[in-house]
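Just so you know, all these numbers are worked out from the coordinates, no wet-lab data involved. Just so it is clear, the model here is predicted, and its values are computed rather than measured. Backbone-built Cβ (ideal geometry, glycine too); neighbour counts: all protein chains shown.
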Amino acid sequence: MDSIRFLGAAGTVTGSSYVLKKENTPGILVDLGMFQGPPEIDDLNRAQLKLVPQDIEAVVLTHAHLDHCGRLPLLSKMGFTGKIYMTAATRALYEITLLDAAHIAQNNEDREPLYTERDVRYLFDLAEIVEYGSSFTIGDYFLELFDAGHILGSASVKIENVALGNKSGVVVFSGDLGNSPEELLHATETIPKADVVIMESTYGDRIHPNEDTTAMLQNEINIIEKTGASLLIPAFSIERSQELLHKIDHLKKQKLVKDSTPVFLDSPMAIKTTEVYKQFKELYSPELSDHTKTDDPFDFPGLKLVEKVDQSKKISATYGPKVIIAGSGMMSGGRIMYHALEYLPYRTTRLFIVGYQGEGTLGREILDGGRIVTIMDRKIQVNATVTHASGMSAHADQSKLLSWFNKIADVKKLILTHGEDTSRTVLKEKVNEKNPSLEVYMPHMNETISLI
Ligand SMILES: [Zn+2]
Ligand SMILES: [Zn+2]
């Protein structure tokens, strides 16, 4: 009988990692993500990994976010030589994500790095490209990837145990599921049939507000165009930054914001990621695909790509209105911190927060009304106007999760992962409202459960 072991994202959002296997044979590892958060959460990355290379035949990586791929270099350290299956876009993006993670770890004086750039580069040789919809085998299993619509290259994974025949054997891992409508990417694909589904539950207890985020962004830019002040937008490098560039491209083309208003993309990682997005046009949404035929959807008059730190420091010396897009997305580090320190005390500054802000981050503190905050050991008063576009998220909300799940026929067991307990408990109740007899399971960390 097959079993699944949960090596992360079981009662938490981060650290996604699951092993699907039969007794006494090596199995399939789906993701090996990093735990992200305060030091006590980071300690989980450093705990002995309950995995030996003999446990796994191969790895499947759902997408390039750090909480899904961030512990993969630990496999290099333990001498794993098997294949790591992923889409071509995921390969391009996970190289950026992991090199950045190794770089940040190297520069962190407080903690021993989890791995080095060498471990990361070793891993790159193990990548095996598979495309959506084409099946491949690992041992007794048939696998297929489906477009999850979450970030470029993201996938849900269907794994069928052929040896089990009809009794089987179809296990589906949702990966992270995208928000609807997908602005840049194809819509999330649904999977017709499965016996067991492992589904993310990040927003299991929430429904995204129905707000026009492009109009909100336009309003923010129009205000600083009048006042001559600065608009700060903390943004994740993957997907969110490209979404912002694409929205501004449209606003500029329609003359709803001025061509002369400078937009600084102050993030080397977002710049590299945007280049990758430009290489995978076959993954674009219908609108983005059309847009590409007339011009570059991520480039417009006034866009300034800021690679070097000294260029970044010079932004504050420029006069007049400006938009600054910089990481990190939750203001937990990165170049946005310098801009926050510089600009948040001014009443004329606008801070536009997009998407979810995790507990313990500066973004969350400010959203919750914190007006005296500490940035890089300095206490500052936040006098800026803060606006939150919570609908601009890369994650499915409760209704999208339910509709994705309800389209899968014959499910005997639903396992909820990748969500706080409050969120997955609400989602479990919602699923059981419609389908009272369905077993909905909420595993905990390091638990192993048998399937069917
Ligand atoms: Zn993700
Ligand atoms: Zn467009």
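Projected over every direction and averaged, the convex hull enclosing the alpha-carbon atoms of the stretch 355-452 yields 9.2 nm². Each of ASP110, ASP299, ASP31 was scored by other Cβ atoms within 10 Å of its Cβ. Listed from fewest to most, they are ASP110, ASP299, ASP31.
Over the chain, DSSP H runs of length four or greater, each weighted -39,500 (n - 2.57), average out per residue to a 222 nm ellipticity of -9000 deg cm²/dmol. Taking Lys and Arg as +1 and Asp and Glu as -1, the other residues whose beta-carbon sits under 15 Å from that of ARG350 total 0.
Amide H to amide H, with H built 1.01 Å from N, GLU439 comes under 5 Å of LEU414, counting only residues 5 or more places away or on other chains.
Under 5 Å between amide hydrogens, built in the peptide plane, is the criterion, and for VAL60 it picks out LEU29, VAL30, ASP31, TYR85 among residues at least 5 positions away or on other chains. Summarising the amide proton neighbourhood of ASN383: residues at separation of 5 or more, or on other chains, whose placed amide H is nearer than 5 Å comprise TYR346. Here is the P(r) of the stretch 80-122: all C-alpha pair distances, binned every 10 Å from 0, give 26, 47, 23, 4 in whole percents. Taking the DSSP beta bridges with both ends in the chain, the antiparallel portion is around 40 percent.
Summing charges over neighbours of THR318, with a neighbour being any other residue whose Cβ is under 13 Å away from its Cβ, gives +2 when K and R count +1 and D and E count -1. Taking a point 7 Å from the Cα of ILE41 along the Cα-to-Cβ direction, the residues of the stretch 358-399 with backbone N closer than 13 Å to it are 358-365.
So how do GLU239, GLU109, GLU275, GLU128 line up by other beta-carbon neighbours within 10 Å, fewest first? By the 10 Å Cβ count, ascending, the order reads GLU109, GLU275, GLU128, GLU239. Legend: residue pairs LYS21/LYS407; LYS278/LYS400; LYS50/LYS272; LYS158/LYS278, Cα-Cα distance threshold 31 Å; pairs beyond threshold, LYS50/LYS272.
Put in line by how crowded their Cβ is, counting other Cβ atoms within 10 Å and starting with the fewest, ARG46, ARG378 read ARG378, ARG46. Of the DSSP H helices in the chain, those with a Cα length along their own long axis of 24 Å or more and a mean Kyte-Doolittle hydropathy reaching -1.0 comprise 88-107.
Per residue, the Cα convex hull of the chain amounts to 135 Å³. Taking Cβ atoms as reference points and 14 Å as the exclusive limit, the residues near ILE28 contribute a net charge of -3, counting Lys and Arg as +1 and Asp and Glu as -1. Note on ASP368/ASP212: beta-carbon distance plugged into 1/(1 + (r/R0)^6) with R0 of 30 Å gives a FRET efficiency of 0.75.
Length gained on full extension, GLU131 to LYS304: 58.9 nm, using 0.36 nm per residue less the C-alpha separation.
Across the stretch 299-315, computed HN-Hα scalar couplings (Karplus, 6.51 cos²θ - 1.76 cosθ + 1.60, θ = phi - 60°) run 9, 7, x, x, 7, 10, 8, 10, 8, 8, 4, 5, 5, 4, 5, 7, 4 Hz from first to last residue, x flagging Gly and Pro. Under the simplified labelling scheme, the THR448-ASP295 pair shows an inter-label distance of 5.9 nm, with each label point 7 Å from Cα along Cα→Cβ.
The simple spin-label model puts a point 7 Å past each Cα toward its Cβ; for SER316 and ASP55 those points are separated by 4.7 nm. The ratio of the alpha-carbon radius of gyration of the stretch 213-389 to the globular-protein estimate 2.2 N^0.38 Å is 1.00.
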